[in-house]
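Asker: Pasting a structure here, questions to come.
The values are calculated or read from the model by the stated rules, or taken from the named source; none is laboratory data. This one's a predicted model, so the numbers in the text were calculated from it and none came from an experiment. Neighbour counts run over all protein chains shown; Cβ positions are idealised from the backbone, glycine included. Protein only, heavy atoms only, side chains kept; ligands, DNA and RNA dropped before computing areas. Shrake-Rupley method; radii C 1.70, N 1.55, O 1.52, S 1.80 Å.
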Amino acid sequence: MFKVLTFNNISARGLDRLPRERFEVSSEIQQPDAVLLRSAKLHDWAVPETLKAVGRAGAGVNNIPVEAMSERGIPVFNAPGANANAVKELVLAAMFLAARNICPAWAFAQTLEGDDAAMNKQAEAEKKRFTGFELPGRTLGVVGLGAIGVNVANAAKALGMNVIGYDPQITVRSAWNLEAGVRRAHSVDEVMAAADVVTLHVPETDDTRGMINGSRLAAAREGLVLLNFARAGIVDDNAVVAALDAGRMRSYVCDFPSAALKGHDAVVALPHIGASTNEAQENCAIMAADEVRDFLETGNIMNSVNFPELVLPRNGSGDRLTVANANVPNMLGQISSAVAEAGLNIADMYNKSRGDLAYSVVDIDGKLPGDVVERLRQTEGVLAVRVIE
Ligand SMILES: NC(=O)c1ccc[n+]([C@@H]2O[C@H](COP(=O)([O-])OP(=O)(O)OC[C@H]3O[C@@H](n4cnc5c(N)ncnc54)[C@H](O)[C@@H]3O)[C@@H](O)[C@H]2O)c1
Ligand SMILES: O=C(O)[C@H](O)COP(=O)(O)O
């Protein structure tokens, strides 16, 4: 029986992928084999010795100590693209909100008093304050052309906008999915200088933290609309408020409320609802649960942010040995020697590396003795060893 600890509200459709005769799933489990979570912060969590996998039912993994997990040989899985449509739709809504001053106009309409005729008179007299702009012919700058950025860029093209995008590590898949005519920028600065609306779709990392700061905002076009549905830390909120107060920026719409932004007329800060649709929550939970289940049951790895992708169909009915280790010389030799010294044959094996990590799946003709497994665990450079019967 595998034990899966849940943090946050994980969609039941995802949890249903873990058959209860083989998986105990609860938010109360003490010695979990795996964790399924959304935005819960794991940085201060005391990682139990039993933990073998982490499944993020979402895209961003900045709430998870990925490096510390790697050092323990624990793969972290996420759900790439599973909530991209939900975020795209909210980003489009944000762009319309900003272009047509919908939030201040609505707030004004709620202050109207008197009978219908009086309210109508005030509305007609004041509506010029909320004059907006239309999107065709305007330029949208997209920073980060992954699952969400590509969706947003393509939707903006369909709305008649010019689109300029920046992503120095764009994948072949994203490049294929991108509409023709999206202009390639070579820097964030180039995007800022060219765009009327800038939208951010990068992960929060050491490289992207504080990406949109005072000097970048100063170099942006007059009247910039900035959209941030990526992460709070990517934008310096105080610099945004200063640019709005100086009249250089038109508005900021984001998914991350903060004390600095609170109450500002030109800011709409939503409570991190980018992925909060039933569809996205289900998609993410199903994907993360499937990945974690597959790993626990077979050792195969799909959509991990720290481990290589590795899928080996089971060969034979003997034990399957999985080893996560430092990506240094002679590890594979030591693994196969240990099996050979036990007098066992390797039916099939697959080894892949990613950065400082390597991972092997070894199908054995027979049953691995416990002392061989223990010796492997003690081998220098070995991070995690599992035997799947
Ligand atoms: N508001 C929400 O609820 C919500 C929902 C989903 C995702 N997100 C955030 O959005 C981020 C992006 O999600 P995604 O699904 O598109 O991820 P993704 O991994 O598909 O795409 C991210 C892209 O950013 C690019 N990138 C990385 N560093 C960059 C840099 N310095 N400059 C330009 N591009 C850079 C990568 O190459 C990649 O193509 C997530 O990491 C998460 O933080 C927020
Ligand atoms: O990175 C993500 O996928 C989003 O920020 C969604 O977070 P949530 O699962 O807490 O809604």
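Asker: Filtering segment 100-118 down to residues that are surrounded by 14 or more Cβ atoms within 10 Å (Cβ to Cβ) and not β-branched (Val, Ile, Thr), which residue is farthest from MET192 (Cα to Cα)?
Answerer: Initial filter on segment 100-118 (surrounded by 14 or more Cβ atoms within 10 Å (Cβ to Cβ)): 100-105, 108-109, 112.
Cutting the leftovers down to not β-branched (Val, Ile, Thr) gives us 100-101, 103-105, 108-109, 112.
Numbers: ARG100: 21, ASN101: 22, CYS103: 25, PRO104: 25, ALA105: 27, PHE108: 31, ALA109: 33, LEU112: 38 Å.
Selected residue: LEU112.
Asker: Could I ask something else about it? Any residue that is touching a helix residue (DSSP H, G or I) at 6+ places or on another chain (Cβ under 8 Å), over 23 Å from PHE307 (Cα atoms) and more than 16 Å from ligand 2 (Cβ to nearest atom) - is there at least one of those in segment 83-94?
Answerer: yes
Asker: Of all helices (runs of 4 or more DSSP H) completely enclosed by segment 153-252, which ones contain at least 3 residues that are more than 25 Å from ALA59 (Cβ to Cβ) and open to solvent by less than 30 Å² (accessible area, probe 1.4 Å)? First the steps, then the outcome.
Answerer: Details: elements: 172-177, 188-194, 214-218, 237-245.
Because the criterion is at least 3 residues that are more than 25 Å from ALA59 (Cβ to Cβ) and open to solvent by less than 30 Å² (accessible area, probe 1.4 Å), the helices (runs of 4 or more DSSP H) in segment 153-252 that meet it are 237-245.
Asker: Filter segment 255-268 down to the residues that are open to solvent by less than 40 Å² (accessible area, probe 1.4 Å) and within 14 Å of ligand 1 (Cβ to nearest atom) and list them by number.
Answerer: Matches in segment 255-268: ASP255, PHE256, VAL268.
Asker: Looking at the structure I just gave you, is VAL35 under 20 Å from the mean Cα position of the chain (by Cα), within 16 Å of ligand 2 (Cβ to nearest atom) and outside any helix (DSSP H, G or I)? Spell out the reasoning first.
Answerer: Working: under 20 Å from the mean Cα position of the chain (by Cα): yes; within 16 Å of ligand 2 (Cβ to nearest atom): yes; outside any helix (DSSP H, G or I): yes.
So VAL35 fits the description; yes.
Asker: Within segment 51-81, track down each residue that is within 16 Å of ligand 2 (Cβ to nearest atom) and touching a strand residue (DSSP E or B) at 6+ places or on another chain (Cβ under 8 Å).
Answerer: If the condition is that a residue be within 16 Å of ligand 2 (Cβ to nearest atom) and touching a strand residue (DSSP E or B) at 6+ places or on another chain (Cβ under 8 Å), then VAL54, GLY55, ARG56, ALA57, VAL61, ASN63, ILE64, VAL66, VAL76, PHE77, ASN78, ALA79 are the ones that fit.
Asker: Select from segment 59-88 the residues that are more than 11 Å from ALA275 (Cβ to Cβ), in a loop (DSSP other than H, G, I, E, B) and within 13 Å of ligand 1 (Cβ to nearest atom) and list them in ascending order.
Answerer: VAL61, ASN62, ASN63, ILE64, ASN78, PRO80, GLY81
Asker: In segment 1-14, what count of residues is obtained for those that are open to solvent by less than 30 Å² (accessible area, probe 1.4 Å) and not in a loop (DSSP other than H, G, I, E, B)?
Answerer: 4
Asker: Quick one: what pairs do we get from segment 272-284, first residue within 10 Å of ligand 1 (Cβ to nearest atom), second open to solvent by 30 Å² or more (accessible area, probe 1.4 Å), C-beta under 6 Å, 6+ apart or different chains?
Answerer: Every condition considered, the pairs that remain are GLY274/LEU90.
Asker: ALA40 - would you say it is within 24 Å of the chain's Cα centre (by Cα) and either within 16 Å of ligand 1 (Cβ to nearest atom) or not aromatic (Phe, Trp, Tyr) (or both)?
Answerer: yes
Conditions (1) charged (D, E, K, R); (2) within 30 Å of LEU224 (Cα to Cα), marked per residue:
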{"position": "ALA246", "(1), (2)": "no, yes"}
{"position": "LYS262", "(1), (2)": "yes, yes"}
{"position": "ALA269", "(1), (2)": "no, yes"}
{"position": "ALA280", "(1), (2)": "no, yes"}
{"position": "VAL292", "(1), (2)": "no, no"}
{"position": "GLU297", "(1), (2)": "yes, no"}
{"position": "LEU310", "(1), (2)": "no, no"}
{"position": "SER317", "(1), (2)": "no, no"}
{"position": "THR322", "(1), (2)": "no, no"}
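Asker: Here's a follow-up. Of everything in segment 136-152 that's open to solvent by 30 Å² or more (accessible area, probe 1.4 Å) and over 23 Å from PRO80 (Cα atoms), which residue is farthest from ligand 2 (Cβ to nearest atom)? Can you show your working first?
Answerer: Residues of segment 136-152 that are open to solvent by 30 Å² or more (accessible area, probe 1.4 Å), as a first pass: 136-138, 147-148, 151.
Checking the rest, the ones that are also over 23 Å from PRO80 (Cα atoms) come to 136-138.
On the way: PRO136: 30, GLY137: 32, ARG138: 27 Å.
By that ranking, first place goes to GLY137.
Asker: Here is a further query. So how many residues does segment 23-52 have that are exposed (fewer than 15 other Cβ atoms within 10 Å of the Cβ), closer than 19 Å to MET287 by Cβ and in contact with a Leu (Cβ under 9 Å, 6 or more places away or on another chain)?
Answerer: So the answer is 0.
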